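Structure first, commentary second.
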Amino acid sequence: MYKIEDLAKKGKIYLLTIAKESDKNIYKISEDLLVEFSLYKNKELDENSYKKLILAINKDAYYQKVLHYALFKPRTKKEIITYLKKFNIEDFDYYLNKLFNLKLLDDKAYAENYVSEAINYKHYGPAKIKEDLFSKGINSKLQDEFLSYYDSTQIRDNLDYWFDKKIKNLKNNPYQKNLKSLTVFLINKGFSYEDVSNYLKRNQQEIIDKSDESKAIIKDIEHLKVKYQKKEYNLSLQQFLINKLLAKGYQYSTIKKYL
């Protein structure tokens, strides 16, 4: 027979001392196990009860880890399974069901909350939100359900948010170069090419004003003239400059003005 020699509370856990003759072992257990197995000091356990308890203690140790992981911040089913795999655990249902019962695991609620936060606080576009949800294991049906509330007004407002941030840092580059930089930046925030393109067209004048090609083109023309003189080209200097400046993103009207 096995005997519980001591049972002491230490913080949120209990230290359980089990002895068989001169052999003693101390286990960390949760209050859940204490109640489930009706454990108390001097209680005796037969071989079968002892084995069941040890098995439960081992499982509970991992459960406490995954519980802490789930309580730290909202998690999806896929994230919990990935976490359990780190411990070579295959019986996912035991842990998933306990978290479901505690209402700590709900992919639908997770998707709803994530989309709301991504739209209203992170200002992400639909594509990035879908990508993030997919990586968390949220299926397409749930993605589409909550993204359907992302209307055109919110998309425009979030494009405004990122545009205002980015345009402040634009340098005196050619208009086309700045336009490309803004396009790539906004697409990377999760907005479609069509939405970005239409938005930037409506804000074209602000981009032109910020680009200030006049300062940049004078510097580039001088640099290209030096380059032209160092090498032999089949093109005339005029055509050489036009080709190179167009490639750099300057508008043709600006190039003709300064040449």
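Rule-based calculations on the coordinates, nothing more; no lab input. What you see is a predicted model, and the numbers here were worked out from it, not measured in a lab. Glycine also receives a Cβ, built like all others from the backbone with ideal geometry; neighbour counts cover every protein chain displayed.
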Given the rule -39500 (n - 2.57) for each run of at least 4 DSSP H residues, summed and divided by the residues of the chain, what is its mean residue ellipticity at 222 nm, to the nearest 500 deg cm²/dmol? -20000 deg cm²/dmol
For the cross-link pairs LYS201/LYS227; LYS136/LYS189; LYS103/LYS136; LYS52/LYS98; LYS122/LYS168; LYS9/LYS59, which exceed 26 Å when the distance is taken from alpha carbon to alpha carbon? LYS201/LYS227
Here are some values of percent of Cα pairs over 34 Å apart: [x] 23; [y] 42; [z] 53. Which one was computed from this structure? [z]
Loop only per DSSP, at most 12 neighbouring Cβ atoms within 10 Å: give me the trypsin sites (Lys or Arg not before Pro) in segment 9-39, ordered by residue number. LYS12
Modelled label-to-label distance, ILE54 and LYS85, 7 Å Cα→beta-carbon offset: nm? 3.1
Find which of GLY137, TYR233, ILE167 sits farthest along the positive direction of the dipole of the chain, computed with +1 on the beta-carbon of Lys and Arg, -1 on that of Asp and Glu, about the Cα centre. TYR233
Fewest-first ranking of ARG202, ARG75, ARG156, using other Cβ atoms within 10 Å as the exposure measure: ARG202, ARG156, ARG75
Segment 149-192 and segment 208-259: distance between their alpha carbon centers, rounded to Å: 27
Output ³J(HN,Hα) for segment 199-216: one whole-Hz value per residue in order, computed from phi by the Karplus curve 6.51 cos²θ - 1.76 cosθ + 1.60 with θ = phi - 60°, and x for Gly and Pro. 5, 5, 5, 5, 10, 4, 4, 5, 5, 4, 4, 6, 5, 6, 4, 4, 6, 6
Counting only DSSP loop positions in segment 111-175, the chymotrypsin sites (Phe, Trp or Tyr not before Pro) whose Cβ has at most 16 other Cβ atoms within 10 Å are TYR121, TYR149
Distant-in-sequence amide H partners of GLY190 (H built 1.01 Å from N, under 5 Å): GLY125, LYS128
With the contact rule set at Cα under 8 Å and sequence spacing of 6 or more, what percent relative contact order holds for the chain? 12
Those GluC sites (Glu not before Pro) in segment 1-79 that DSSP places in a loop and that have at most 15 other beta carbons within 10 Å: GLU21
Integer Hz, Karplus 6.51/-1.76/1.60 couplings in order for segment 38-49, x for Gly and Pro: 6, 7, 7, 4, 6, 5, 9, 10, 7, 4, 5, 5
Taking H as built 1.01 Å from N, whose amide H comes closer than 5 Å to the amide H of ARG75, not counting residues under 5 places away? none
